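K.L.:
Sharing a structure, written as C-alpha cells. Questions coming.
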There are 2 protein chains.
Amino acid sequence: METSIKRKRTRPVFLGGVQVGGNAPVAVQSMTSTDTRNVRATVRQIRKLEEAGCEIVRVAVPDRVAAAALSDIKRQIAIPLIADIHFNYRLAIEAIGNGVDGIRINPGNIAKEKILKIVESAKSRGSVIRIGVNAGSLEKDLLKKYGGPSSSALVESALRSLAVLEDAGCDSIKLSVKASDVTTMVEAYRELSGKTDYPLHLGVTEAGSIVNAAVKSAIGMGILLYEGIGDTIRVSVTGDPVSEIGVAYAILRAIGIRKFGPDIISCPTCGRCEINLFRLTQEVEERLAGMKTHLKVALMGCVVNGPGEAAEADVGIAGGKGYGLLFKKGKAIRKVKEKEFVTALLAEIDSMVAERKEI
Amino acid sequence: METSIKRKRTRPVFLGGVQVGGNAPVAVQSMTSTDTRNVRATVRQIRKLEEAGCEIVRVAVPDRVAAAALSDIKRQIAIPLIADIHFNYRLAIEAIGNGVDGIRINPGNIAKEKILKIVESAKSRGSVIRIGVNAGSLEKDLLKKYGGPSSSALVESALRSLAVLEDAGCDSIKLSVKASDVTTMVEAYRELSGKTDYPLHLGVTEAGSIVNAAVKSAIGMGILLYEGIGDTIRVSVTGDPVSEIGVAYAILRAIGIRKFGPDIISCPTCGRCEINLFRLTQEVEERLAGMKTHLKVALMGCVVNGPGEAAEADVGIAGGKGYGLLFKKGKAIRKVKEKEFVTALLAEIDSMVAERKEI
C-alpha cells in the first residue's frame, strides 16, 4: 500500500447509526432480491447480508403491501434500512412513516411536485433522501437534449432534483449517477463530484453476473475511489446479493482504504508449481469465509516469488515439492508437509486473530 | 462509451505476427499451468486458450527438458510463444534456439553478465525480451535500499536491466513491474511509463482466485489503461488459465478499448423482478460462451430501467410478469413469453452476428 488516497471531504449524513460522507469509512451496501412483501424471507436475507459485512441495506417498495412490511422488517434487523421508490411518491411517504432510515428516489420517474411532498415527510422524520439517477431511466427531456444517457445528462438530472430538495430546505442528501457503461459512470461521478459536496453513492448498474460485475464495478469504483471520490458503494450482481459484499470489500481492500477480511495472495500455478495450489487456495478460502479480521495470506507455488510474497504477508506458504515453508510475519518459521498446509496455516491464522482481538 | 482514451504511443515490438505497442490493440496474453515437459497437455491447453481469444502465450521453462519441448510446442500452436525464465540463463538461450518468439527474464534472479549472453542470442534470432520485474523476487540490494518492494524499487530494477539491454544493442524489449499489491503496481507502472517508451506488459501478480483476481486486475489495469498506459495485459488467476481470457476482455470492453465478445447487461434482481432473471442470465451466458462478436445484450427484470437499458443495447429483454418485451437496435419489436426468452434472444443474436459477418 503506497498511496495514501486523499478522500474528498463531503457533508456527512446519518442513516440511523451509520455515517456516510464526512470522514466516515466508505460504507458497503447491498439490496435484497427477495419479495419485500415476504417479511420472513427478506429479514433472512438481510441477516445473511449483515453477517457478510453489509452496512446498509435497501429493499424494493413496488406497492403498498411492501411499504407496510417495512416496519416489521426494520424491527428485525440491525443495519439501516433504505426504501427504493419508483413512480409513486405515496409509497415513499408510507415508507418514511414506517420508520426507514432513508429512501432512494429516481428523478426519472417522480415529478418535481411529488418530490416536494416526499421532502416534507422526510424532513419531519429525519430520513435521508438519495437522488438515485440511473442511465436506464433518465428524464425524457434530458435524453432528448443530450441525444442519449450521457454523463452530462446523468449529472444534470441529479443537479436538477438536488435544487428541488435544497429549495425545500432538505439537506440530508446522497447522490448517485449510475450507468451500466463504465466510462459513462466514471465521467458522470467525476463531474458530479466537482459540482457538489454531498456524499456520493457509487455504483455500476446492471453489471451482470459475478465475474463481469466484479470487473465493471472494480474498474468504475476503483478509478473513482483512487481519486478520492465516493462515500458508499454498492456492487450490483445478478445472483445472490451476499456475493456483492465480498466484491465490495475486495475493491476497498485493493485500493487500500478499508481493511476487512483476509487478502489472499496466490499465484496462477504455472509449470513450475509442484503442489496442488488450486485446491489449497479453494480450501483456505472456504475455511476463511466470513472472517472479518484483515490478514494477508500468501499461498505460493514455487521458489521464484514464493518466499518474497510469503515474507510480505502476515502468514504464508511457499511451496516446494511435496512440502512448503511456513512464513509468519516475514520470517520462515518451519517446513511443513503438503498435506499439513491447511492445518498449519489455519493454526497460525487463528492465533493471529486471537492476538489482535486481545489488543 | 464516452471517453476516447488517448493511449500512450510506445515503440512497437513484434512477437511473430503479433505487434505489441505502437498503435496495436492491447494484446491479451496468458500462461499455461501445465508441466511444460508434457507437450501434449501443454499444446491442448494452449489451443483452448487460443480458442478463448488468447493472443500470446507464455510457458514456464524450469529445466532443460522443458526447454527442449519448446520447438515441439511451437510447431503445434498458432499464437506467439514466450519462454518464462528464472535463475538459469542457459535455459533462455536454449529456448531462443528452439524458436520461441520471446522470452521473459526476471532481473531479480539473473545477473548482469548472464543477461548479456541472453541478449546476444536473442539479437541473433530476433526474439523479444521482456524484463519482467516482480515484487516477490526483487534484487536484494533494491529491497534494502527501499526498505521493501516499493513502486520505486520495482521501477529501478526494470530501468537497471533496461540499461544493460540497451548498452548491448537490444531494442526488442517489453517491460513489466508487477506486484500483488494493486496500489504499488499502479504507481510503479505510472512511474515507469513516464520514464520510457518501451511497450508495457501490465499485470497484478498473484491475484488469487477468479473473483479476487478479477477485482484486483480490473482496478490495477483499469486505472492504467484509462490513463492510456499498457500495451499487453495478463490477468493472473489461481485456476484454469482459460478463465483469465474472459476477465481480460471484460476489462478491455469496460474501458472501451477493445470490442470482443458479448457484453451482458443484467440487473441484480431486486424485489421488483417478476421473471427468473438469474436463470435467464446464466443460460444466455452459457449459450454465448465463446462468441467473439461484440454485441451488447440487455437482460432486465422490470420496467424501471429495463426499457431504457434494452433500448441502448443491440438486443435485449425487458421483463414483466411472465412475459417480456424484446428489443432490437433500440426498438421494442415484440412481446415474448418468459419460456421463450432464450430462444427469441438467440435467434436475434444469430441473425445479427450473421449480418455483421456479411459486411
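K.L.:
Please state, as a whole number in µm²/s, the translational diffusion coefficient that the Stokes-Einstein equation yields for the range B:52-184 at 10 °C and 1.306 mPa s, with Rh defined as the Kirkwood radius across alpha carbon pairs.
P.N.:
On the way: Rh = 15.1 Å.
Once the numbers are plugged in, D ends up at 105 µm²/s.
K.L.:
Could you check what % of the DSSP bridge pairs in chain A are antiparallel, to the nearest 5?
P.N.:
So the antiparallel bridges amount to about 30 percent of the total.
K.L.:
What does the copy distance list look like for B:Glu355, label position 7 Å along Cα→Cβ, in nm and ordered from shortest?
P.N.:
Label-point separations across copies, in nm and ascending: 6.4.
K.L.:
Then there's this: Expressed in nm to one decimal, what extension gain is obtained for the pair A:Ala347 and A:Arg160 from 0.36 nm per residue of sequence separation less their Cα-Cα distance? Before the final figure, lay out the partial values.
P.N.:
Working: separation 187, 0.36 × 187 = 67.32 nm, distance 5.64 nm.
Length difference between fully extended and current span is 61.7 nm.
K.L.:
Right, another one. What percentage of the solvent-accessible surface of the range B:262-358, computed with a 1.4 Å probe over protein heavy atoms, is contributed by carbon and sulfur atoms?
P.N.:
Of all accessible area on the range B:262-358, carbon and sulfur atoms account for 50 percent.
K.L.:
Shifting gears a bit: Go through A:Lys337/A:Lys357; A:Lys259/B:Lys178; A:Lys216/B:Lys8; A:Lys114/B:Lys339; B:Lys8/B:Lys74; A:Lys216/B:Lys292 and tell me which ones have a Cα-Cα distance over 26 Å in this structure.
P.N.:
As for pairs spanning more than 26 Å Cα to Cα, those are A:Lys337/A:Lys357; A:Lys114/B:Lys339; B:Lys8/B:Lys74.
K.L.:
Follow-up question, since we're still on this one. Label-point separation (nm) for B:Arg44 and B:Asp141, each offset 7 Å from Cα along Cα-to-Cβ?
P.N.:
In this crude label model, B:Arg44 to B:Asp141 measures out at 4.7 nm.
K.L.:
In addition: If the reach is capped at under 12 angstrom between alpha carbons, list the aspartates and glutamates near B:Lys145, excluding any in the same chain fewer than eight residues apart.
P.N.:
Straight-line reach from B:Lys145, under 12 Å: B:Glu156.
K.L.:
On to the next question. Got the B:Glu283 label distances to the other copies yet, label 7 Å along Cα→Cβ, in nm, shortest first?
P.N.:
Ordered by increasing distance: 3.9 nm.
K.L.:
Turning to a different aspect of this structure: I need the P(r) histogram for the range B:235-281: all alpha carbon pairs, bin width 10 Å from 0 out to the longest distance, whole percents.
P.N.:
Binned Cα distances yield the sequence 23, 32, 34, 11.
K.L.:
Kindly point out which whole DSSP H helices in chain A project their C-alpha atoms 15 angstrom or further along the helix axis while averaging a Kyte-Doolittle hydropathy of 0.0 or above.
P.N.:
Sorted by number, the helices that extend far enough and score high enough are A:64-75, A:151-167, A:210-226, A:242-255, A:341-358.
K.L.:
Between A and B, buried accessible area summed over both sides at probe 1.4 Å, in Å² to the nearest 100?
P.N.:
Using a 1.4 Å probe on protein heavy atoms, the buried area is about 6300 Å².
K.L.:
What would the Debye equation give as log₁₀ I(q)/I(0) for the range B:38-96 at q = 0.14, 0.21, 0.22, 0.27 Å⁻¹, counting only Cα atoms as equal point scatterers?
P.N.:
-0.35, -0.75, -0.81, -1.12
K.L.:
Using only the Cα atoms of the range A:135-176, what do you get for the radius of gyration and for Dmax, in Å?
P.N.:
When restricted to Cα atoms, the range A:135-176 yields Rg and Dmax of 11.2, 33 Å.
K.L.:
Follow-up. Per residue, what volume in Å³ does the convex hull of the Cα atoms of chain B enclose?
P.N.:
Looking at chain B, the number lands at 142 Å³ per residue.
K.L.:
Can you say what percent of the DSSP beta bridges in the protein assembly as shown, counting only those with both residues inside, are antiparallel? Round to 5. Walk me through the numbers before you get to the answer.
P.N.:
Working: 28 of 102 bridges.
In the protein assembly as shown, DSSP labels about 25 percent of beta bridges as antiparallel.
K.L.:
Hey, got the Cα dimensions of the range B:217-298 along the principal axes, in Å, largest first?
P.N.:
For the range B:217-298, the Cα spread along each principal axis is 43, 26, 26 Å.
K.L.:
Averaged over its residues, how many other protein chain Cβ atoms are within 10 Å of peptide A:281-292's Cβ atoms?
P.N.:
1
K.L.:
Taking just the alpha carbons, could you work out the radius of gyration and Dmax for the protein assembly as shown, both in angstroms?
P.N.:
Cα radius of gyration and Dmax of the protein assembly as shown are 26.1, 80 Å respectively.
K.L.:
Follow-up. So for chain A, averaging the separation of alpha carbon pairs under 8 Å that are six or more residues apart and normalising by length, what relative contact order in percent results?
P.N.:
13
K.L.:
Per residue, how much accessible area does the protein assembly as shown have with a 1.4 Å probe, in Å²?
P.N.:
Accessible area per residue: 37 Å².
K.L.:
Still on this model: Could you work out, residue by residue across B:272-278, how many beta carbons of other chains sit within 10 Å of that residue's beta carbon, and then give the average as an integer?
P.N.:
Partner-chain Cβ atoms within 10 Å, mean over residues of B:272-278: 4.
K.L.:
Using a label point 7 angstrom from Cα along Cα-to-C-beta, what distances in nm, from shortest up, separate B:Arg75 from the other copies?
P.N.:
7.8
K.L.:
Where is the GNM fluctuation largest for chain A (alpha-carbon springs, 10 angstrom cutoff): A:Ile131, A:Ile219, A:Ile245?
P.N.:
Evaluated over chain A, the most mobile residue of the options is A:Ile219.
K.L.:
Direction-averaged shadow area of the convex hull around the Cα atoms of the range B:262-358, nm²?
P.N.:
Computed as one quarter of the Cα hull surface, the answer is 5.4 nm².
K.L.:
How large, in Å, is the range A:308-359 by the Kirkwood hydrodynamic radius built from its alpha-carbon pairs? Could the numbers behind the result be given before it?
P.N.:
Values: mean 1/r = 0.0899 Å⁻¹.
Kirkwood hydrodynamic radius for the range A:308-359: 11.1 Å.
The values are calculated or read from the model by the stated rules, or taken from the named source; none is laboratory data. All values reported here derive from a predicted model rather than from experimental measurement. FYI the Cβ positions are ideal-geometry reconstructions off the backbone, even for glycines, and counts take in every protein chain you see. For accessibility, only protein heavy atoms count, side chains too; no ligands or nucleic acids. Shrake-Rupley method; radii C 1.70, N 1.55, O 1.52, S 1.80 Å.
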